[in-house]
Amino acid sequence: MSSLSLEHIYKKYSNGFEAIKDFNLDIEDKEFIIFVGPSGCGKSTTLRMIAGLEEITEGTLKIGDKVMNDVEPKDRDIAMVFQNYALYPHMTVFDNMAFGLKLRKVPKDQIKKQVTEAAKILDLEKLLDRKPKALSGGQRQRVAMGRAIVRDPKVFLMDEPLSNLDAKLRVQMRTEISKLHERLGATIIYVTHDQTEAMTLGTRIVVMKDGVIQQVDTPQNLYNAPCNAFVAGFIGSPQMNMLDVKISVEGEDVYATIGDHKLKVPASKAKALIDGGYDGKTVIMGIRPENVNDSQMMVEVSKNSVIEAKINVYELLGAEVYLYFELEGFPMTARVDPRTTARTGDTVKFALDMEKVHMFDKETEIVIT
Ligand code: ATP
């Protein structure tokens with residue numbers, strides 16, 4: 001039995017705008033599910049429907065085997081952590097964490113026990129008497145988490161809970177949330193537009209665009225086998241390079257041509273292009289920056305998959321270098337070894353690892369191979 005399921009969910013706002021279209025998802029117990037996608041794709045809307053803060057226009061929401069569509073938010077056994085963690089400024093950390101339990105008329109002893117336990121998990125024991133203004137951003141965020149934890153809900157909903165923190169604290173809190181997930185053994189549904197957060201936290205990621213699920217998969221599968229050009233471009237940083245290439249079938253061999261560069265498509269990818277009838281057609285070829293290699297050795301052994309371009313920008317990030325250039329007008333990034341001798345203005349040869357390319361239909365943008 002899944003812990004939560006969304007079946008054919010639609011959301012139409014009162015102004016007629018259809019924010020969510022036919023959303024289907026089964027979430028297992030103890031999963032860490034991430035909703036990710038560009039601004040306005042419907043992540044928060046979906047989360048708010050699960051929480052009961054937004055009406056479901058059509059479809060069925062179940063928690064356990066119970067239909068929840070018309071159940072009051074407070075009776076859904078769900079706790080939500082928002083991006084602006086909205087602590088009560090006049091209350092101590094203890095009282096902030098105890099507030100929801102008091103409302104539910106939980107006995108005092110029980111409240112004390114639950115708050116103390118949550119404070120221990122979140123390392124807030126020494127701060128229980130403080131007011132929010134005497135806390136750092138990360139500590140406030142932990143109190144907001146604490147407020148959710150004390151209720152011991154079946155499902156946690158988190159809407160960009162780290163977006164108000166600075167970069168360093170975000171990374172730290174990311175690790176904290178991961179540990180918390182393990183310790184609590186709870187189901188978490190987490191909204192973010194930050195794909196690094198999605199990749200590092202999620203057991204499964206739901207990639208959304210314009211109110212429609214694009215792909216639901218593990219971080220690794222999303223990275224290695226994106227189902228369309230949108231997912232391919234959204235997951236991974238720096239972004240996957242995308243360029244239009246013309247496919248030609250010559251006997252047994254298949255080539256992808258861009259400008260003067262005729263690249264041999266490996267047998268593992270060729271069949272799908274032949275079978276799909278792509279001979280003579282233009283497709284989108286995607287290749288990740290780490291598969292664009294400027295090492296002399298690779299260039300020498302990769303006769304049929306070498307391109308040449310002038311470097312526009314050289315960017316050293318310590319452990320790696322990004323080289324930016326254009327190929328027939330398409331912007332490209334190569335992620336190379338920091339010992340590279342290539343610099344801005346140089347004309348450089350790159351070997352493309354054609355075994356790693358993805359081919360997408362130019363019109364539908366659906367993956368071919
Ligand atoms: P962000 O990452 O920017 O928070 P999101 O993916 O969470 O975006 P939602 O907040 O779910 O997106 O909004 C989805 C779409 O629904 C947007 O186009 C938004 O403008 C629209 N929308 C949200 N609330 C309403 C409303 N009350 N009435 C009409 N349209 C709305």
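The values are calculated or read from the model by the stated rules, or taken from the named source; none is laboratory data. Just so it is clear, the structure is predicted and the values come from calculations on it, not from any experiment. With ideal geometry, Cβ positions are generated from the backbone for all residues, glycine too; neighbour counts draw on all protein chains shown.
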Would you point out the residue of segment 197-231, among those that are in contact with a helix residue (DSSP H, G or I) (Cβ under 9 Å, 6 or more places away or on another chain) and in a loop (DSSP other than H, G, I, E, B), that is surrounded by the fewest Cβ atoms within 10 Å (Cβ to Cβ)?
THR203
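If the requirement is being under 18 Å from HIS358 (Cα atoms), surrounded by fewer than 18 Cβ atoms within 10 Å (Cβ to Cβ) and free of Cβ contacts under 8 Å to residues at least 12 places away in the same chain, which of these qualifies: ALA267, ALA272? Full working, then the answer.
Numbers: ALA272 fails: free of Cβ contacts under 8 Å to residues at least 12 places away in the same chain.
Going through ALA267, ALA272 in turn, just one is under 18 Å from HIS358 (Cα atoms), surrounded by fewer than 18 Cβ atoms within 10 Å (Cβ to Cβ) and free of Cβ contacts under 8 Å to residues at least 12 places away in the same chain: ALA267.
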Contacts under 8 angstrom Cβ, first residue in segment 1-29 being within 18 Å of ILE78 (Cα to Cα), partner in a loop (DSSP other than H, G, I, E, B) and basic (Lys, Arg), 6 or more apart
SER3/LYS30; SER3/LYS154
Among (1) touching a helix residue (DSSP H, G or I) at 6+ places or on another chain (Cβ under 9 Å); (2) of a type in the set (Gly, Ala, Ser); (3) more than 16 Å from the ligand (Cβ to nearest atom), there is one condition SER163 misses while meeting the rest; what is its number?
(3)
Across segment 51-66, what is the total count of residues that are within 12 Å of the ligand (Cβ to nearest atom) and of a type in the set (A, V, I, L, M)?
1
Quick one: ALA79 ticks every box in (1) on the phi > 0 side of the Ramachandran plot; (2) of a type in the set (A, V, I, L, M); (3) within 24 Å of the chain's Cα centre (by Cα) except a single one, so which number is it?
(1)
I'd like to check something: does segment 236-248 contain any residue that is of a type in the set (Val, Ile, Thr), outside any helix (DSSP H, G or I) and outside the structural domain of ALA51 (by TED's automatic domain parsing)?
yes
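Which strands (runs of 3 or more DSSP E) sit wholly inside segment 266-369 and have at least 3 residues that are farther than 26 Å from CYS227 by Cα?
Working: elements: 282-287, 306-316, 321-327, 330-336, 347-352, 358-361.
Result: 306-316, 321-327, 347-352.
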List pairs: first in segment 159-171 and closer than 26 Å to THR46 by Cα and among the small types (Gly, Ala, Ser), second within 16 Å of the ligand (Cβ to nearest atom) and at pLDDT below 85, Cβ under 8 Å, 6+ apart or cross-chain?
SER163/GLN83
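Conditions tested, residue by residue: (1) of a type in the set (S, T, N, Q); (2) within 28 Å of GLN139 (Cα to Cα); (3) assigned by TED's automatic domain parsing to the domain that holds LYS12.
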{"site": "LYS62", "(1), (2), (3)": "no, no, yes"}
{"site": "LYS66", "(1), (2), (3)": "no, no, yes"}
{"site": "ASP70", "(1), (2), (3)": "no, no, yes"}
{"site": "PRO89", "(1), (2), (3)": "no, yes, yes"}
{"site": "ASN96", "(1), (2), (3)": "yes, yes, yes"}
In segment 1-46, which residue that is assigned to a loop (DSSP other than H, G, I, E, B) and away from the ligand (no atom under 11 Å from the Cβ) is surrounded by the fewest Cβ atoms within 10 Å (Cβ to Cβ)?
MET1
